[in-house]
Each structure stands twice: as structure tokens, then as C-alpha cells.
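Undergrad: After the C-alpha cells below, expect a handful of questions from me.
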Amino acid sequence: AAAYRYTEARMAKIAEEMLADIDKETVDFIPNFDETTVEPEVLPTRVPNLLVNGAAGIAVGMATNIPPH
């Protein structure tokens, strides 16, 4: 199993706004790494963060460059 520092993150208060509707059964929940709580399988958001923040990098031989909008 992965160490805690690789599997958990602390979100800022403003980030909670992205998850405002998470309790409306929009996604499935799964146990966290030590099964003490559950977490969403994916993080649905009101705003597409990939488009807001952009992305750039190379991984497994493929490159991407999405400018922020």
C-alpha cells in the first residue's frame, strides 16, 4: 500500500465549493487506503479545472499543452 503522503490531500476551504453537490449521489464512493472513511471515486466539479488551470507535460511518450482559459 502507498504511504499516507501519496494517497491523501488537505483541501483549502474554497475547494469545498467544487464539491458542493457531492452528496446528491452523483458519483460512487469507495473506502480510503485504510478503510477508515469513504471517498469519491472521481471528483466532479462545477468548473472544468483542466481548462481553467491548463496542463503541460510529457508522460509515457505523449506530450500535452493545454493553455489556461
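Undergrad: Count, please, the residues in the range 40-64 that happen to be of a type in the set (Gly, Ala, Ser), in a strand (DSSP E or B) and more than 28 Å from Ile30 (Cα to Cα). Talk me through it step by step, then tell me what you get.
TA: Keep residues of the range 40-64 that are of a type in the set (Gly, Ala, Ser), which gives 54-57, 59, 61, 63.
Now restrict to residues that are in a strand (DSSP E or B): 55-57, 59, 63.
Now restrict to residues that are more than 28 Å from Ile30 (Cα to Cα): 56-57, 63.
Here the count works out to 3.
Undergrad: Out of (1) aliphatic (A, V, I, L, M); (2) touching a Ser or Thr at 6+ places or on another chain (Cβ under 9 Å); (3) without any contact (Cβ under 8 Å) to a residue 12 or more places away in the chain, the odd one out for Met18 is which?
TA: (3) is the only condition that Met18 fails.
Undergrad: Still on this structure, please answer the following. Need the failing condition index for Ala2 against (1) modelled with pLDDT of 80 or more; (2) assigned to a loop (DSSP other than H, G, I, E, B), just the number.
TA: Condition (1) is where Ala2 drops out.
Undergrad: Checking Val60 against (1) modelled with pLDDT of 85 or more; (2) of a type in the set (A, V, I, L, M, F, W, C); (3) at positive phi, only one condition comes out false. Which one?
TA: All conditions pass for Val60, except number (1).
Undergrad: Among (1) surrounded by 12 or more Cβ atoms within 10 Å (Cβ to Cβ); (2) of a type in the set (Val, Ile, Thr); (3) part of a helix (DSSP H, G or I), there is one condition Ile14 misses while meeting the rest; what is its number?
TA: That leaves (1) as the condition not met.
Undergrad: Could I ask something else about it? With the requirement that a residue be assigned to a loop (DSSP other than H, G, I, E, B) and exposed (fewer than 12 other Cβ atoms within 10 Å of the Cβ), what does the range 22-39 give you? Can you show your working first?
TA: Residues of the range 22-39 that are assigned to a loop (DSSP other than H, G, I, E, B), as a first pass: 25-28, 32-37.
Glu25, Thr26, Asp28, Asp34, Glu35, Thr36, Thr37, listed by residue number.
Undergrad: Picking from Leu51, Leu43, which residue would you name as being over 23 Å from Glu8 (Cβ atoms) and surrounded by 10 or more Cβ atoms within 10 Å (Cβ to Cβ)?
TA: Values: Leu43 fails: over 23 Å from Glu8 (Cβ atoms).
Of the residues listed, the single one that is over 23 Å from Glu8 (Cβ atoms) and surrounded by 10 or more Cβ atoms within 10 Å (Cβ to Cβ) is Leu51.
Undergrad: Identify the residue in the range 55-68 that is over 23 Å from Glu16 (Cβ atoms) and touching a residue at least 12 places away in the same chain (Cβ under 8 Å) and, among all such residues, is surrounded by the fewest Cβ atoms within 10 Å (Cβ to Cβ).
TA: Taking the candidates together, the pick is Pro67.
The values are calculated or read from the model by the stated rules, or taken from the named source; none is laboratory data. Quick caveat, the model's predicted, so the values are computed rather than measured. Counting neighbours? That spans all protein chains shown, and the Cβs are built from the backbone with ideal geometry, glycine included.
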